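Below you'll find the structure, written out as structure tokens, and then a few comments.
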Amino acid sequence: MQLPSSVFATWLKDTAGLSFADGKLVVSVPNVFTSEWLERRAYQLVHRTASKIVGQPLDVVFLIKESQARKETATSGPSTRRPNTAPMFRTGFPNRRYSFDSFVVGPSNDLSYNAALSVASSFGEHYNPLFIYSGVGLGKTHLLHAIAHRCVQQSINFLYVTSEQFTNEFITAIRQRSTEEFRSRYRSVDVLLMDDVQFMSGKEQTLEGFFHTFNDLHNTGRQIVLTSDKSPRTMPYLEDRIRSRYSWGLTTDIQAPSLETKVAILQTKAKEKNVPADNVVLEYISERTGGSIRDLEGAFNRVMATAQVSKGTVTLSLAKRALEERGAHRSVTTRSPEKVLEAIEGAFQVDQASLTGSKRRRDFVVARHAAMYIMREHLKLSVSEIGRVMGGKNHATVIHGIKRVNDYLELVDGFKAKVEAATDQLAS
Ligand code: ADP
Ligand code: MG
């Protein structure tokens, strides 16, 4: 690899190829820092080198291994050695933005916030299990990640899993007759964070499997935190077992935020992103959106991206324009790739030379891929035409770039709003 050996020693020596299938190479990395560094600084290099070796363009995914430190401090329970298939976390977990510090507390969520905080201050000793429920987009996943951060800081052996992942793994274990291994893997954690348990509702066999795990953990004093989009009352099977058997558990809910809380959340966000924003504008955005904080953030990002594309300041009338256009689905009318470059330049705040160049800085790469995506999806340009406009990129690079956009939509904060603002600009 073309890296100085000191860099190699720090960042690559403890990584290993885990699996390779369907054009996807999974690389295990020892910790969050390594995965972030590699994603940010060396993604293209790893990608290119691996693609060259295999002879086809690859997607590279970094997965974080349970750290050695955590394994060693895990004291309770039978010391099962983790098989290679041990649960691992997708790169970027826990999400840096989802911490207790960045969680705005108001009357709608203070119970859940405080419960999560006290659980994280001494695991297994307060509410166990803690069960948080709310409508979608109100902060459940945020709180679970915040707890996970505390686990990382204290080197506590934890596992974050969605109940969908749990269900899939469970079904696979049954099929492969490896349910014992499956159970012992889950049994070896000190803190189990399970997101979206409503997914298991009605899946009796999975629930049964889950309660085995649950009992094993609970009986040995391990902490369990569950979240759900539905009230436990609508899931009698779950409720029966959690509520009645575990009287020292706690169920809390999160309500839709008040206008004040919404404005406070946007103020925090504006500060985080270092953009000046008038309270009048933030109030307008808050009034315009429904209860979900995810929607609130989407609307905010939309306004900011529109301001960037049109190089305007964030005024009330700009906010109105940005949010009124929302959902109108105006279609892209231009056929000019140069116009796309201009719009992306504005939305992503990246200059043209960097956009069509080949520097691997993360924000350049993301903007570049967004441009390729719009040219393909909306302008229907051929891959080779796109490669030419983008400064002479080859076929594989363009195809790979367009594919990466799906990941960004999910993982990169504000990405969707920027792409939308750019495509708005291209509609007339
Ligand atoms: P849920 O899991 O309940 O569907 P999430 O935890 O994914 O919701 O939250 C949706 C978005 O709203 C996330 O970006 C999250 O950071 C943000 N969010 C939710 N509640 C708060 C809060 N109280 N303060 C700051 N951001 C919040
Ligand atoms: Mg969630």
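The values are calculated or read from the model by the stated rules, or taken from the named source; none is laboratory data. Computed from a predicted model, the values in this text were never measured in an experiment. So basically every Cβ, Gly included, is an ideal-geometry build from the backbone, and we count neighbours across all protein chains shown. Please note that ligands, DNA and RNA were not included when accessible areas were found on the heavy atoms of the full protein model with its side chains. Shrake-Rupley method; radii C 1.70, N 1.55, O 1.52, S 1.80 Å.
Each Lys or Arg adds one and each Asp or Glu subtracts one; over the other residues with Cβ under 14 Å from the Cβ of G392, this totals +2.
Between N114 and T334, residue separation times 0.36 nm minus the direct Cα-Cα distance comes to 74.0 nm. At a Cα cut-off below 14 Å, give the aspartates and glutamates reachable from K339, other chains included and same-chain residues fewer than 8 away excluded. By straight Cα distance, K339 reaches D351, D424.
Charges were assigned to the Cβ only: +1 to each Lys and Arg, -1 to each Asp and Glu. The resulting dipole of the range 337-427 about its Cα centre is roughly 420 debye. Per-residue extension of 0.36 nm, minus the Cα-Cα distance of N168 and A396, leaves a gain of 78.9 nm for this segment. Once both labels are positioned 7 Å from their Cα atoms along Cα-to-Cβ, the gap between Q154 and S382 label points is 6.1 nm. The mean sequence distance of close C-alpha pairs (under 8 Å, at least 6 residues apart), as a share of the length of the range 110-254, puts its relative contact order at 40 percent. In this structure the range 90-184 gives 43 Å² per residue of accessible area when probed at 1.4 Å with all protein chains present.
For the range 276-293, 3J(HN,Hα) computed residue by residue from phi via the Karplus equation (6.51, -1.76, 1.60; θ = phi - 60°) reads x, 9, 6, 4, 4, 5, 5, 5, 4, 4, 5, 6, 6, 9, x, x, 6, 6 Hz, glycine and proline entered as x. Averaging the sequence gap over all C-alpha pairs within less than 8 Å and six or more residues apart, then dividing by the number of residues, gives the range 259-326 a relative contact order of 31 percent. Ordering T252, I174, T227 by Cα displacement along the dipole of the range 169-290 toward the positive end leaves I174 in first place; charges were set at the Cβ atoms of Lys, Arg (+1) and Asp, Glu (-1). With the simple model of a label 7 Å out from the Cα in the direction of the Cβ, R96 to V280 spans 3.5 nm.
Spin-label model, D351 to R294: label points 7 Å out along the Cα-to-beta-carbon direction sit 3.8 nm apart.
Over the range 193-272, accessible surface divided per residue gives 44 Å², non-protein components excluded, 1.4 Å probe. When the Cα positions of A277, M375, T333 are compared along the charge dipole of the range 274-414, M375 comes out farthest toward the positive end, with charges on each C-beta of Lys, Arg, Asp and Glu.
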